[in-house]
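Report on the structure given below.
Quick note: the coordinates plus some simple rules give every number you see, no bench work behind them. Here the structure is a predicted model, which is why all the values come from computation and not from measurement. Note that we place each Cβ from the backbone using ideal geometry, even for glycine, and neighbour counts take in every protein chain shown.
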Amino acid sequence: MTLREKLVALKTENGLTTDDLSRRSGVPKGTLNKLLNGETRNPTIATLARLADALNCPLAALSTLSAESPAARPEDIPGVFRLGQVRNADQLVPIRRRRIPLLGEIAAGRPIYAEESFDVAECDSDMHCDFALRVHGDSMIGARIHNGDIVFIRAQDDVDDGQIAAVIVDDEATLKRVYHVRNGLQLLSENPKYPPMVFTLEEYGSIRILGRAVGFQSALN
């Protein structure tokens with residue numbers, strides 16, 4: 001199914017008019033009309049995240065690519081690794097191929113706008129991930145994640161303390177290590193030149209965790 005077909009089906013399933021969906025998601029009606037008539041095929045990841053939340057579906061469900069589509073070749077991909085459970089991603093394992101949606105760019109530094117691209121990334125056939133994002137910046141180099149790397153994300157709305165997550169901050173995407181602190185949330189870089197980002201409970205409405213980083217493909221190899 002195309003993105004337009006998925007949106008129409010989910011809108012009907014939820015009993016929503018275009019006006020209803022616009023109010024519930026915060027996406028302008030003009031933008032929705034362009035998506036629903038197929039005029040716009042490449043919305044931003046922030047727009048997709050809002051629509052997925054309003055339609056009660058995972059973000060990956062609005063991709064035009066199947067996360068389970070098999071790749072043509074099964075050989076190992078050099079430079080592709082899983083993130084271990086220990087700090088600094090010390091456990092690295094070469095992985096094998098399957099195709100998932102590559103949803104544009106994410107900042108490893110200050111947040112940037114994540115433009116939707118609908119390209120394809122390839123990851124391990126048994127890796128539990130839903131989409132991928134390309135890294136821009138150097139704030140996660142302590143976790144061996146560099147500018148240009150592709151990070152594989154498992155869609156979920158929260159993560160454990162110390163895990164690396166893709167986070168929407170005021171409609172912009174960033175990659176950070178997440179910690180739950182008293183009365184708030186702290187996002188930490190893996191580069192000392194970037195200060196922590198701290199959000200109080202009152203500011204929770206401006207942030208949204210898209211999912212946990214479970215692996216990456218190095219651009220250095």
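Taking Cβ atoms as reference points and 10 Å as the exclusive limit, the residues near Leu133 contribute a net charge of -1, counting Lys and Arg as +1 and Asp and Glu as -1.
Ignoring lysines fewer than eight residues from Lys29 along the same chain, the ones with Cα atoms less than 20 angstrom from its Cα are Lys6, Lys11. In summary, the lysines within cross-link reach of Lys193, defined as a Cα separation below 17 angstrom excluding same-chain residues under 8 places away, comprise Lys176.
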